[in-house]
Amino acid sequence: MEVTLEKVLERIVTINHAWKLSREEFGQDFVATKSLRDTKSSLQATLLREFPDDVYLRVASDSQGHDEIMYSVRLKREQEVNGRIKRDAEHLPQRIAREIFSDAEIEYFLNYESK
């Protein structure tokens, strides 16, 4: 089965929604909540690594609403996902990005706009 930008993006959005519901219902330390968060992060890593011409990272403008620095996984072109126009592929906490990416990868993904 071929991995496409659209399929990965749809999965990220779906998993993010399920993660938020699980977090609200069972808490952030519940095993399923953690698994959903990790799955979303893994899919975001796939998106950034496999589709570098289509996505990049930006420090999220709404980071101050969180307890930590958040990245927004940005789309270079709008995509329709589940009937909604998306300009991003959800947020990725900086601490998780540091676990799954090298420093060089993070710099590369963040420096898209200066290229």
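Number of Lys pairs in the chain with C-alpha atoms less than 21 angstrom apart, excluding same-chain neighbours closer than eight positions? Going through the chain pair by pair, I get 11. Secondary-structure-derived ellipticity at 222 nm for the chain, considering helices only, amounts to -16000 deg cm²/dmol, per-run term -39500 (n - 2.57) for DSSP H runs with n ≥ 4.
Per atom type, the chain shows carbon and sulfur on 47% of its accessible surface, probed at 1.4 Å.
Taken as entire DSSP H runs, the helices of the chain that both span 18 Å or more between Cα atoms along their own long axis and average -1.0 or more on the Kyte-Doolittle scale are 5-26, 31-50. Free of any GluC sites (Glu not before Pro) that DSSP assigns to a loop and that have at most 16 other C-beta atoms within 10 Å, the longest stretch within the chain is 3-67. Remark: the stretch 5-114 carries 61 Å² of accessible area per residue (probe radius 1.4 Å; ligands, DNA and RNA excluded). Modelled this way, with points 7 Å down the Cα-to-C-beta line, the labels at Ala104 and Lys20 are 3.6 nm from one another. Positive contributions from Lys and Arg (+1) and negative ones from Asp and Glu (-1), summed over other residues with Cβ under 13 Å from the Cβ of Val81, come out at 0. Across the chain, Cα pairs under 8 Å and at least six residues apart give a relative contact order of 24 percent.
The values are calculated or read from the model by the stated rules, or taken from the named source; none is laboratory data. Just so we're clear, the structure is a prediction, and the values are computed from it rather than from any experiment. For neighbour counting, all protein chains shown are included, and Cβ atoms are generated from backbone atoms with ideal geometry for every residue, glycine included. Heavy atoms of the whole protein, side chains included, go into the accessibility calculation; ligands, DNA and RNA do not. Shrake-Rupley method; radii C 1.70, N 1.55, O 1.52, S 1.80 Å.
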